[in-house]
1. Specify whether the C-alpha gyration tensor of the range 7-55 places it in the rounded, prolate or oblate class, a ≥ b ≥ c being the square roots of the eigenvalues: rounded for a/c under 1.5, otherwise prolate if a/b is larger than b/c and oblate if not.
2. Among Pro219, Pro320, Pro76, whose mean-square fluctuation peaks in a Gaussian network model of the chain (Cα, cutoff 10 Å)?
3. Charges on Cβ only, +1 for Lys and Arg, -1 for Asp and Glu, centred on the Cα centroid of the chain; of Gly182, Leu102, Ala321, which one is farthest towards the dipole's positive end?
4. Given a 10 angstrom Cα cut-off, can you work out which residue in Gly98, Gly215, Gly21 is the most mobile in a GNM of the chain?
5. Using θ = phi - 60° and the Karplus form 6.51 cos²θ - 1.76 cosθ + 1.60, what ³J(HN,Hα) does each residue of the range 14-24 get, whole Hz, x for Gly and Pro?
6. In terms of modelled amide H atoms, which long-range or inter-chain residues lie less than 5 Å from the amide H of Ile224?
7. Taking the Cα-to-Cβ direction at Ala241 and at Asp139 and moving 7 Å from each Cα, how far apart do the two end points lie in nm?
8. For the chain, set up a GNM with springs between Cα atoms under 10 Å and report which of Ala47, Ala88, Ala38 has the largest fluctuation.
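Here, each number is a calculation from the coordinates, and none is a lab measurement. All figures in this text were calculated on a predicted structure; none of them were measured in a lab. Heads up, the Cβs are rebuilt from the backbone with ideal geometry, glycines too, and the neighbour counts pull from every protein chain shown.
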Amino acid sequence: MVNGKGRKGATRLIDVAREAGVSRATASLVMRDSPLVAQETRFKVLAATERLGYVRNMTAARLRSRSGGIVGVIVPNLRNPFFAELFAGIEEALETHGLAVLIGNSRDDRERQADLMRRMCEHGVDGIIFCPAVGTAEDWRAMPSLRRLPCVQVLRHVVETVDYVGVDYRGGMWAAVEALAGLGHRHIAFAIQEAEHSALVERLEGYNAAIEAFGPGAPCIVKIPETFEDMGSRVAALLSATPAPTATICFNDVVAFHLAAAFHDRGLRPGYDHALIGFDDVQAIEVLRPRMASVATHPGEVGRAAARRMLFRVEQPDAPAERIVLPTELVLRPSAAAPSEASSHTISS
């Protein structure tokens with residue numbers, strides 16, 4: 001017999017599904033007394049709940065009873081592995097409570113985001129967790145169906161009257177600059193993307209404050225394109241700056257991927273010719289060599305925290321909005337090395 005115990009000893013709906021030999025979605029339908037499930041399957045699932053001692057979570061049950069037990073999730077870029085890890089954390093936490101997730105990709109476009117929200121409301125979602133697209137207005141909740149719908153902002157914030165779950169971007173940038181300065185770097189660049197939003201603003205605040213505190217060099221900001229095609233000219237601009245930076249902190253790990261590849265194409269080696277630090281520490285960064293240093297933001301845990309906040313908001317719809325900021329962690333690896341004699345010569349040439 002399957003043990004059926006999840007974390008902290010609680011039996012989850014997925015454990016019931018496995019015990020009964022059905023999908024989690026089918027087990028959820030049985031819990032909601034749906035007529036779509038065959039009687040034999042229903043008996044198997046109910047028998048599994050008895051064997052495992054499954055107890056329904058009443059907060060989730062109330063949420064499911066409102067409509068279909070679905071929470072909408074909107075992210076700006078599904079190609080970024082960070083958001084895959086974030087979504088996995090959200091799904092894991094909500095699935096534990098028997099809830100399904102409907103995901104949408106806004107492509108960082110506020111009009112598309114508004115359309116996704118409208119369609120999610122039409123499909124009867126019980127709440128929306130979203131990373132606000134660039135340019136999201138403060139009145140984004142003007143749509144009647146959104147006014148009372150539980151919503152959680154994640155990673156970026158637009159208004160203070162709606163729950164927010166994010167990470168300490170300022171602290172992460174401060175730690176990265178402090179570490180590089182401690183290694184002897186005096187001219188440290190920050191490679192950003194074009195989009196402007198609260199996550200960029202907070203990173204810039206941390207970077208500028210740390211540069212002022214730890215280094216004699218002035219801030220050096222270089223904009224990196226979303227795609228790899230135009231990287232050559234941007235890298236040339238970065239390396240030809242005066243004075244030439246010997247280290248670069250990247251807005252996220254995708255920027256770090258692109259810079260590492262562009263450096264390689266120019267015959268430069270991260271960690272030897274130029275120090276490089278990413279941001280997010282996604283699992284995919286493990287493929288880079290030398291191994292890439294990064295500021296870990298733990299996207300899975302951010303997702304789980306956002307899901308927990310959504311469940312709380314359903315239970316307490318009139319509670320004051322809360323701002324939850326999780327800590328970052330600098331993970332040093334060989335790409336973040338001290339400046340060498342070779343680096344200044346290679347970069348300035």
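1. In terms of gyration-tensor shape, prolate.
2. Highest fluctuation among the options: Pro320.
3. Leu102
4. Comparing Gly98, Gly215, Gly21 in a Gaussian network model of the chain, the most mobile one is Gly21.
5. Coupling constants for the range 14-24: 5, 5, 4, 4, 5, 4, 8, x, 10, 6, 4 Hz.
6. Ile192, Gln193, Glu194
7. That separation, rounded to one decimal, is 3.9 nm.
8. Maximum fluctuation in the GNM of the chain, among the listed residues, is at Ala38.
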